[in-house]
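Below is one structure, written out as C-alpha cells; the observations come after it.
None of the figures in this text is laboratory data; all of them are computed from the coordinates on show. Quick caveat: nothing in here was measured; it's all calculated off a predicted structure. Glycine gets a Cβ as well: all are built from the backbone with ideal geometry, and neighbour counts include every protein chain shown.
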Amino acid sequence: MQDFKVEIKKADDNTLVLLSGELDAYHSIEFKEKMIDLLKEGGDKILIDMSELGYIDSAGLGALVSLLKRASENSKELRLFALKGNVKKVFELTRLNMVFKIFDTFEEAIS
C-alpha cells in the first residue's frame, strides 16, 4: 500500500490541492475531512492536481462526489486536472468524467 498525501496551497480566490499516492477506503475519510475544512475557508475555485495520484477506488470516488456536492452548496467550484493512467480510466468507466470539470493542465483548470 502506497502512502496518501494531501498538500494544500492557497492563492487569492484559488486553492490548489495536490494529491499523491492512493486514494482508497483507508485514506478517503481523512481526505474528505481535510477537504470539508477547506471548503469552509478556501477560495472560490478548488483545483485538485491528480498527476501524482496512482490509484483511486470507489471510496475515493465517493469522497470526491460528496465534495463536489458540498462545493456546489457553498458556491465554490471544484476542478480536477492532470488525471493519468488508471485513475483517468476509472473516471471514464464510471462516467464521472461527465460530472466533474476535468482539465489536462493546471493552466486550463485555473482559467
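Each of 49, 57 was scored by other Cβ atoms within 10 Å of its Cβ. Arranged with the fewest first, they read 57, 49.
Given an 8 Å cut-off on Cα distances and at least 6 residues of separation, report the relative contact order of the chain as a percent.
25
Expressed to the nearest 5 percent, the antiparallel share of DSSP beta bridges inside the chain is 30 percent. For the listed residue pairs 9/40; 9/45; 45/84; 10/40; 76/101, the alpha carbons are over 18 angstrom apart in 45/84. Give me the Debye-computed log₁₀ of I(q)/I(0) at q = 0.10, 0.13, 0.23 Å⁻¹ for region 5-110, equal point scatterers on Cα only, no solvent, two decimals. Results for region 5-110 at q = 0.10, 0.13, 0.23 Å⁻¹ read -0.23, -0.40, -1.44.
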